[in-house]
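Novice: Let me begin by handing over the structure; questions about it come next.
The values are calculated or read from the model by the stated rules, or taken from the named source; none is laboratory data. None of the values given here were measured: they were computed from a predicted structure. Neighbour counts run over all protein chains shown; Cβ positions are idealised from the backbone, glycine included. What goes into the accessible areas is simple: the full protein's heavy atoms, side chains included, and nothing from ligands, DNA or RNA. Shrake-Rupley method; radii C 1.70, N 1.55, O 1.52, S 1.80 Å.
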Amino acid sequence: MISMESLIRAIDRFELFLKTRKGLRIILLSIIVLNTGLYIKSNYTNFSSEQARRDASGFSPDKAYKFSYFYFYKGHFPLATLQTELEYSEEGANKEILNRGKDLIMEYRHWSRLGESARILAYMPNAYLKGSPENPSIKLFNALVFTLGLIVLFFGFWKIGKPFLGLLLWILINSTPFFLFEVYTNENIFGVMASVFFMILGLNIQLLFKKSSNYFRIGVAAIVSGTLIGFFSEFRNEISVVIISLLLIYLLSKHLTVVAKIVLMIITIFFFNSSKRYIRNYFNLKFEKTSHLVSLHKGHVYNGAKISGHNFWHPMFCGLGDFDTTYGYQWNDIIAYNYVIPILNKDYNMNIQYSGKYHTDDYYDDAKLYYKKPEELPYYEEVAKKKVLSDIKNDPLWYTTILIKRIYRTLTRTIPISYAGLLLFPLFYFLIRKKEWDWIKLIIVSLPLSATSIIVHSGRGTTYNSLFVYFVLIVVIVQIYNYGKKRMSEGVEMQLLTKDNSNI
């Protein structure tokens, strides 16, 4: 049986090796090889869905695939066709436009109008690899982004002289059913937020642990970080929350001056907004050109409402039903529609036709291809907001109880180990007593990713967004290791003292 002393010495020797450039290259290559292997394996077998997000449609591949054909071959977006028999070639795409222009559409159900248009890019890695968008898949995109996140995360820990912890994080993350399913099996983008967080932490973790006088590199990291968060937030808006983690890194860094913190925050926010604006302008221009194309060929131009991203008060309304239905809330769009639409008709004279579906009975076009969604109607968000705030104001105890239950669920339905989140409080107490502030800061930086499950809704796997548990477990391992090393050192000192006394 291996003794604690032997184990600690083996870890010390291994970490010394990991700190070398050779160790770095081996681990980075291992991440690439193993995660490539997971991607290849996923083409033959599905990973378990025991940990999965089922609270939202997310990418909605049942609608999105319609737009991959013309975007890949011609760069037009949003453009699809009513035809189902397609020739997968650029020549075939040209024929569809020239010969079947009357079948061209700019919306399929309600995918393109909801913003987050960068989602279409998720199909491109797989399409370019195959040379065709036939049977489109976003798994390659997910695998590439996830692997890049893990590489940057490990490199960040290597740079601060803690490569063994980076290695443990990689092993923990790659062993989690949530990521194995969401990245390598599910045709969705629920694993992207974590991947982006891993990149941002890896790029900036040095600010929490080590002093650096290279402000050029710190500034470049801020530019890259802000740009990355802005870019990926146009795939799914909730990814924007990662910028809070980045700002916390700046605020909590003891190695930055107040002026440096302010400058870095300004840089980050500027490039975050610039990145989002660039992506939106890019797709707005695509929309205008596509509208002209579809009109020219007598197709079905979409002239309905568009939103830049997900609404806020609609999910807030639905989310308040995650523990009870006291005030009529449920995690069900139709419940919200049934409440809001009658008020819009009565108080705003809108005359909306609605028969209890996921869309109204009204259309933007005579061909009735483009139905109206309740969320995009004028004053919809205002009515939902008024209901939510009124109920919270009138019964704050009810709302407080919901928040407490959400926090508990976030702590107990965690990845990779359920109930491990409860270690957060005793660990914080221990670290405060020991004045180990760097580890506290690292955990704090990871907390914003739990925002959705606490602010909006905590059911149906939403809590799997949380990543703080990984860092809680890592810090616990660090403390156990340090304790063992201290005991070993004390044991050696005792042996030497005993030996000296025996020689007197």
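Novice: List every residue whose amide H lies under 5 Å from the amide H of residue 354, counting only residues 5 or more places away in sequence or on a different chain, with H placed 1.01 Å from N in the peptide plane.
Specialist: Those lying under 5 Å, H to H, from residue 354 are 361.
Novice: I've got another one for you. Once you compute Rg and the Kirkwood Rh from C-alpha atoms, what is the Rg to Rh ratio for segment 328-456?
Specialist: Dividing the radius of gyration by the Kirkwood radius yields 1.17.
Novice: Sorted by accessible area with a 1.4 angstrom probe, largest first, how do 210, 486 fall?
Specialist: Working: 210 85, 486 120 Å².
Greatest to least solvent exposure: 486, 210.
Novice: Report in % the part of the accessible area of the chain that belongs to carbon and sulfur, leaving out ligands and nucleic acids; probe 1.4 Å.
Specialist: Answer for the chain is 60 percent, counting heavy atoms of protein chains only.
Novice: Would you kindly calculate the mean projected area, averaged across all directions, of the convex hull enclosing the Cα atoms of segment 202-263, in square nanometres? Please list the in-between numbers first.
Specialist: Values: hull surface 16.0 nm².
Value for segment 202-263: 4.0 nm².
Novice: Moving on to the next point. Which of the chymotrypsin sites (Phe, Trp or Tyr not before Pro) found in segment 22-130 are loop residues per DSSP with 11 or fewer other Cβ atoms within 10 Å of their Cβ?
Specialist: Numbers: sites: 39, 44, 47, 59, 65, 67, 69, 70, 71, 72, 73, 88, 108, 111, 123, 128; in loops: 44, 47, 59, 88, 108, 111.
Loop-located and lightly packed - 44.
Novice: So what is the calculated 222 nm ellipticity per residue for the chain, using -39500 (n - 2.57) for each DSSP H run with n of 4 or more, over all residues, to the nearest 500 deg cm²/dmol? Walk me through the intermediate numbers first.
Specialist: Numbers: 21 runs with 302 residues, N = 504.
Rounded to the nearest 500, the figure is -19500 deg cm²/dmol.
Novice: In addition: Give the Debye-formula value of log10 I(q)/I(0) at each listed q (0.12, 0.13 Å⁻¹), with one equal scatterer per alpha carbon of the chain, two decimals each.
Specialist: -1.22, -1.37
Novice: What do you get for the angle between helix 437-446 and the principal long axis of the chain? Use alpha-carbon atoms, 0 to 90 degrees, nearest ten.
Specialist: Between the helix axis and the principal axis of the chain, the angle is about 20 degrees.
Novice: Taking Rh as the Kirkwood radius computed over C-alpha pairs, what is the Stokes-Einstein D of segment 239-329 at 37 °C in a medium of viscosity 0.692 mPa s, expressed in µm² per second?
Specialist: Answer from the Stokes-Einstein relation: 186 µm²/s.
Novice: Send over the semi-axes of segment 1-51's equivalent ellipsoid, whole angstrom and largest first, taken as the square roots of 5 times the C-alpha gyration tensor eigenvalues. Working shown, then result.
Specialist: On the way: eigenvalues 200, 67, 11 Å².
After diagonalising the Cα gyration tensor, the semi-axes are 32, 18, 7 Å.
Novice: Between 0 and 90 degrees, rounded to the nearest ten: what's the tilt of helix 4-18 against the longest Cα principal axis of the chain?
Specialist: With both axes taken from Cα atoms, the answer is about 60 degrees.
Novice: Given Cα positions, please report Rg to Rh for segment 280-403, the hydrodynamic radius being the Kirkwood one. Before the final figure, lay out the partial values.
Specialist: On the way: Rg = 17.7 Å, Rh = 16.5 Å.
So for segment 280-403, dividing Rg by the Kirkwood Rh gives 1.07.
Novice: Right, next: Any idea what the relative contact order of the chain is, in percent, if you count C-alpha pairs under 8 Å spaced at least 6 apart? Please report the intermediate quantities before stating the final value.
Specialist: Numbers: 702 pairs, mean separation 84.4, N = 504.
The value is 17 percent.
Novice: Quick check: net charge around residue 393, other residues with Cβ under 14 Å of its Cβ, Lys/Arg +1 and Asp/Glu -1? Each step should come with its number before you reach the end.
Specialist: On the way: positive: 385, 386, 387; negative: 391, 395.
Here the count lands on +1.
Novice: Now for a different question. So if the hydrodynamic radius of segment 75-214 is defined as the Kirkwood radius over C-alpha pairs, what does Stokes-Einstein give as its diffusion coefficient at 20 °C and 1.002 mPa s, in µm² per second? Write down the numbers at each step before the final one.
Specialist: Working: Rh = 17.9 Å.
Once the numbers are plugged in, D ends up at 120 µm²/s.
Novice: Hey, if you put +1 on the Cβ of every Lys and Arg and -1 on every Asp and Glu Cβ in the chain, which of 367, 255, 118 ends up farthest toward the positive end of that dipole?
Specialist: The residue sitting farthest along the positive end of the dipole is 255.
Novice: Just to confirm a number: summing +1 for Lys and Arg and -1 for Asp and Glu over residues other than residue 26 whose beta-carbon lies under 14 angstrom from that of residue 26, what do you get?
Specialist: On the way: positive: 19, 21, 22, 25; negative: 15.
Result for the neighbourhood of residue 26: +3.
Novice: Then there's this: With a bin width of 5 angstrom, please list the P(r) values of segment 364-425 as percents of all Cα-Cα pairs, from the 0 bin to the one holding the largest distance.
Specialist: It works out to 4, 14, 12, 11, 10, 11, 12, 10, 8, 5, 2, 1, in whole percents.
Novice: Using each residue's phi in segment 207-223, evaluate 6.51 cos²θ - 1.76 cosθ + 1.60 at θ = phi - 60° and report the 3J(HN,Hα) Karplus result to the nearest Hz, with x for Gly and Pro.
Specialist: 5, 7, 10, 9, 7, 9, 9, 8, 6, 5, 5, 5, x, 4, 4, 5, 5
Novice: I would also like to ask the following. Tell me, what ³J(HN,Hα) does each residue in segment 423-434 have, in order and in whole Hz, if you take phi through Karplus 6.51 cos²θ - 1.76 cosθ + 1.60 with θ = phi - 60° and put x for Gly and Pro?
Specialist: 5, 4, 6, x, 5, 4, 4, 4, 5, 5, 4, 7
Novice: Taking amide H positions as placed in the peptide plane 1.01 Å from N, state which residues far from residue 81 in sequence (5 or more) or on other chains have amide H under 5 Å from it.
Specialist: For residue 81, the qualifying residues are 105.
Novice: What number results when the radius of gyration of segment 163-241, computed over Cα atoms, is divided by 2.2 N^0.38 Å? Kindly include the intermediate steps, with their values, before the conclusion.
Specialist: Details: Rg = 14.6 Å, N = 79, 2.2 N^0.38 = 11.6 Å.
Dividing the Cα radius of gyration by 2.2 N^0.38 Å gives 1.26.
Novice: Pick out, in residue order, every one of the trypsin sites (Lys or Arg not before Pro) in segment 327-372 that is DSSP loop and has at most 16 other C-beta atoms within 10 Å; say none if there are none. Before the final figure, lay out each step's value.
Specialist: Values: sites: 346, 357, 368, 372; in loops: 357, 368, 372.
Taking segment 327-372 and a limit of 16 other Cβ atoms within 10 Å, the loop trypsin sites (Lys or Arg not before Pro) found are 357, 368.
Novice: What does the charge dipole of segment 349-479 about its Cα centre add up to, to the nearest 20 debye, if the Cβ of each Lys and Arg holds +1 and the Cβ of each Asp and Glu holds -1?
Specialist: 720 debye
Novice: Determine how many Å³ per residue the convex hull of the Cα atoms of segment 182-298 encloses. Show your work: numbers first, answer last.
Specialist: Details: hull volume 13.6 nm³, N = 117.
Measuring per residue, one finds 117 Å³ for the Cα hull of segment 182-298.
Novice: Follow-up question, since we're still on this one. With a 1.4 Å probe and all protein chains in place, put 178, 155, 272 in order of accessible area, largest first.
Specialist: Values: 178 5, 155 85, 272 25 Å².
Output order, biggest surface exposure first: 155, 272, 178.
Novice: Using the 2.2 N^0.38 Å rule of thumb for compact globular proteins, work out how segment 1-146 stacks up: its C-alpha Rg over that value, please. Intermediate results must be reported in sequence, preceding the final value.
Specialist: Working: Rg = 22.6 Å, N = 146, 2.2 N^0.38 = 14.6 Å.
Cα-based Rg divided by the globular estimate yields 1.55.
Novice: Now, a different point. Can you tell me the orientation of helix 468-502 relative to the chain, as the angle in degrees between its alpha-carbon axis and the longest Cα principal axis, to the nearest 10?
Specialist: It is inclined by approximately 10 degrees.
Novice: Same structure again: In whole Hz, what ³J(HN,Hα) sequence does segment 180-186 give by Karplus (6.51, -1.76, 1.60; θ = phi - 60°), x for Gly and Pro?
Specialist: 4, 7, 5, 8, 9, 10, 6
Novice: Still on this model: Checking a compactness column here: for segment 397-453, what do you get for Rg(Cα) / (2.2 N^0.38 Å), N being the number of residues?
Specialist: On the way: Rg = 12.8 Å, N = 57, 2.2 N^0.38 = 10.2 Å.
Against the compact-globule rule of thumb, the ratio is 1.25.
Novice: Here's another thing I want to ask about it. Per the Kirkwood treatment, what hydrodynamic radius in Å, one decimal, follows for segment 35-87 from the mean inverse distance over all distinct Cα pairs? Can you show the working numbers first?
Specialist: Numbers: mean 1/r = 0.0705 Å⁻¹.
So the Kirkwood estimate lands at 14.2 Å.
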